[in-house]
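A short write-up of the structure that comes next.
The values are calculated or read from the model by the stated rules, or taken from the named source; none is laboratory data. What you are looking at is a predicted structure, and each value in this text was computed from that prediction instead of being measured. Note that each Cβ is placed from the backbone with ideal geometry, even for glycine, and that neighbours are counted across all protein chains shown. To get the accessible areas, we keep the full protein, side chains included, count just its heavy atoms, and leave off ligands, DNA and RNA. Shrake-Rupley method; radii C 1.70, N 1.55, O 1.52, S 1.80 Å.
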Amino acid sequence: MHQYWTKVALIVGFVALGCRDDESSRADSNATAGSAGSAATAGSAGTAASAAGAENAPTAGAAGGSSGRERQPHATAGSTGISEAGADTGAAGAPQTPGAAGGGGSGASGAGAPNVEATAGKGGEGQAGATGDGAAGANAADPVDVTVELDEARAVSATITRDGGTINAVAVDGTQLSLTIPQNALLSPERVTLTPLAAIDDLPFSGGLVAAAHFEPEGLVLLEAATLTLTLPSAPSESDSVGFAYHGLGEDFHLAPVTVDAQKLTLPVSHFSGAGVASGSEGEAGDQAGHTPQSPGDQATQAIANILRKSQGQGDGPTDEDLDAIADILLGWFRGSVMPNLQAAEGNDAILEAAIIEMLQWYQTVLLLGLEDRFVAEWNDALSSARTGILNAIRRSHDRCISGPDASEVKTILRWGQMGLLLGVVETEEFTDDVRACATFELDVSSHFELLDDPAFRGTVQVSAMKLTLDEGLIMFEGSAASQYLSAEHDHECTVSIAPHGDMAVAQMTMNLNFKDNADPSIQMVFWPGEPTETLTVRCPDDDNSRTELSAYWFAGWLAGHESEAEGGGIVDWEFTGGSAFAYKVYGRVVSAEGLDYAETTRLDLYHTPQ
């Protein structure tokens, strides 16, 4: 039975930490009536969005006794009712003018569950949808906020690549925390931090905090669900263990399923903020479930979790009726939020990210519950809409990149290309030319090292206009160019003439493409100047013969300052200017190696050079 519930908990929890960063995905829940069993049918949308002008397109109308809500800058349609027993149907809203919500249908009175709201793209002022009949059992958004206290002294950080990885930490009471991120959860390497929670203020459970973890960077979205495992010093009470998740530092606190296996507690993670387990009664869990979260994904989680919690007490897992009810919740989520948001995003890049992330979370839930056969048509419709949105976004990003030129579009166009490949909805040849035309850079480097010990030496090496282009996988920028040894001086009691020799420099650069709350670009570069050398011809007054020496004074200084960078991932912490002079990195310091001190003055300039 533990294996079954592990699967179910991972399914539901994938939604529990869903993306809520984009304002378009944080629609308020409207009042919805009706008893559970079937989701109300969403109303039909207004005029379809065009590739260039869909920012004013409306989304589906409300059904089942929901009320629309005016929202700026996005017009918002009414929400779709979801409930636990019986039937709740509503007539499709009639097509509206851009920005107007569809009219609500009538729904049967019953125990209302969380609602899923569809949000339109940017556009005109939205008219509030009409409120339908059957208001009994309605739940407006009523999230709970808590305040988390981080035990930062016990935080652990690691760089996680697209191959995935695990980070382990230990709480003050000995609880072992393990965050496992699977392959393909990230589009590019990311520095991830796992921090135990020391306490939670205003926790709505009388038994207190059992164990919890906070994840950074804040707002990072995982494309495949990660797993948080909490191994306690002693086994908790399974019946009193209540899983939870939150956003930010305690915002929108909500229930999340947890698997209890002796001392081991397991929760899924799809979005970075935090998750954990508290000790509380059934009544307290029920009270918390009465607070409707903000996002459609969190709302669906609570509705599904409520069904699973009841069926778990039966000992044999969900019944066919339970799975039918869960399928209705998933259908309501899809019709009320997932598909309308995808359609609106086909012409609105600003909401495409949130729409696709929500789509992935929805379908992962479908797959893990084994309900994919019920949603073949919906999934195909979602993929088709995602394909249209991604290709449109790539083309618009290319146009902005070239016409500006706008270097900020490099990250955007690369992200959508990688996302399209990951979803399998586009082929590389469909967008490679647009991506390569935008994502091209040139690198200039000027590096001066001075040996401060006796005898002193000074040398300057320069690399000009090294072109950096994308590799075949559209992941890494690569380039090479000659390193020119511009000048070299050597203080010596004898006469010294110097013949400097340049070499071939190479560089590799990657750009962070992950979805998170961080608008600033982030790049890592490994730059290798080759091995410039100097031929020194020394002639002393008391010696008729001259001698020739091959040295590498400048290169020794470079190794002293940069060898560890190459081994540790490259040059980071660039200053970004955002124009054609995209970014720069400056070093002004003294470095030491093998007992020698070198003064370094180095500048790297990265230029955006779209074709």
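What to note about this one:
- Accessible surface comparison of Val586, Val426, probe 1.4 Å, protein chains only, largest first: the order is Val586, Val426.
- Expressed as a whole percent, the accessible area of the range 302-421 that falls on carbon and sulfur atoms is 46 (1.4 Å probe).
- Cα centroids of the range 462-487 and the range 342-387: 39 Å apart.
- When each of the peptides 272-279, 187-194, 318-325 is scored by the mean number of other C-beta atoms lying within 10 Å of its residues, the order from highest to lowest reads 272-279, 187-194, 318-325.
- With the whole protein complex present, His398 retains an accessible surface near 40 Å², based on a 1.4 Å probe.
- Phi to ³J(HN,Hα) by Karplus 6.51 cos²θ - 1.76 cosθ + 1.60 over the range 572-579, Hz, x for Gly, Pro: 10, 6, 6, 9, 9, 9, x, x
- Summary of packing: across the peptides 260-266, 591-597, the per-residue average of other C-beta atoms within 10 Å ranks them, highest first, as 260-266, 591-597.
- Area projected by the alpha carbon convex hull of the range 146-289, averaged over all directions, nm²: 7.5
- Under a model in which nothing but the beta-carbon of Lys, Arg (+1) and Asp, Glu (-1) is charged, the range 501-611 shows a dipole of about 440 debye around its Cα centre.
- Ranked by the mean number of other Cβ atoms within 10 Å per residue, highest first, peptides 380-392, 562-574 order as 380-392, 562-574.
- Scattering profile of the range 390-510 at q = 0.09, 0.12, 0.18 Å⁻¹ [log10 I(q)/I(0), Debye over alpha-carbon scatterers]: -0.42, -0.59, -0.91
- Residues with amide H under 5 Å from that of Ala141, placed H, sequence gap 5 or more: Ser29
- Rg/Rh ratio calculated on Cα atoms of the range 219-285 (Kirkwood radius): 0.98
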